[in-house]
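Have a look at the structure below, then the notes.
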Amino acid sequence: MAVREIVIHPAPVLRRKARKVTDFGPQLQTLIDDMVETMRDAPGVGLAAPQVDVLLRVIVVEFGDEEDEEVPPKLYSVVNPELVKASSDVVTGVEGCLSIPGFAGEVDRSLEVVVKGQNRRGQPIRIKASGWLARVFQHEINHLDGVLFIDLAEKVWRLEEEDNQLLAAD
Ligand code: ZN
């Protein structure tokens, strides 16, 4: 496993549409392992393949329980993820992005989503998420279509050094 370099906005790769994964061979396995390591190293709660300069539809998300710190964070790696359901109930929250360091913005996201995709072996998976986890999935799936949180945010602002440490960036 290796930590890869995170691509920083306005790199063109962040604006392109990622391709569907059809080959679940060793290259994909290495990519996913490296993405997990890169996300943890950052640290962040999610990462999409275009953020490490790979135009494939792959995301990783690692997030613990919002209410209970004792619950260990759960790791999701999703290949070809799709939002198959997104609640019309939206919540406003503050987001950051590892590719846009030093900035945060308020973004409205669906409170609940269902994500369909494949696991790293190519088997179908379906994930129901709500709250912050649902937000992270929406943010990461946006990356696969070249959409960044700054496109959706009502307000974007520059973070102070100390705020930067506190914000869970993805
Ligand atoms: Zn991001």
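The values are calculated or read from the model by the stated rules, or taken from the named source; none is laboratory data. As the structure is a prediction and not an experimental result, all values here were calculated from the model. Neighbour counts are summed over all protein chains in view; Cβ atoms, including those assigned to glycine, are modelled from backbone coordinates with ideal geometry. Side chains are part of the model used for accessible areas, which takes the heavy atoms of the whole protein and leaves out ligands, DNA and RNA. Shrake-Rupley method; radii C 1.70, N 1.55, O 1.52, S 1.80 Å.
Take every DSSP beta bridge with both residues inside the chain and express the antiparallel ones as a percent of the total, to the nearest 5. Could the numbers behind the result be given before it?
Values: 31 of 32 bridges.
In the chain, DSSP labels about 95 percent of beta bridges as antiparallel.
For the stretch 12-164, calculate the relative contact order in percent as a whole number, restricting contacts to Cα pairs under 8 Å that are 6 or more residues apart. Provide the component values of the computation, followed by the final result.
On the way: 290 pairs, mean separation 38.5, N = 153.
Taking the mean separation of contacting Cα pairs over the length of the stretch 12-164, I get 25 percent.
Report, in whole Å, the centroid distance computed from the Cα atoms of the stretch 110-150 and the stretch 4-44.
Distance between centres, Cα-based: 15 Å.
Roughly how much of T22 is accessible, in Å² to the nearest 10, using a 1.4 Å probe?
120 Å²
Size of the dipole of the chain about the Cα centre, Lys and Arg at +1 and Asp and Glu at -1 on the beta carbon, nothing else charged, in debye to 20? Intermediate results must be reported in sequence, preceding the final value.
Numbers: 19 positive and 29 negative charges, 249 e Å.
In total the dipole reaches around 1200 debye.
Can you divide the C-alpha Rg of the chain by 2.2 N^0.38 Å and report the result to two decimal places?
Cα-based Rg divided by the globular estimate yields 0.97.
What residue among G122, G46, W157 has its Cα farthest toward the positive end of the dipole of the stretch 12-164, where the charges are +1 on Lys, Arg and -1 on Asp, Glu, each on the Cβ?
G122
Can you find, among F24, I59, V78, the residue farthest towards the positive end of the dipole of the chain? Put +1 on the C-beta of Lys and Arg, -1 on that of Asp and Glu.
Highest projection toward the positive end goes to F24.
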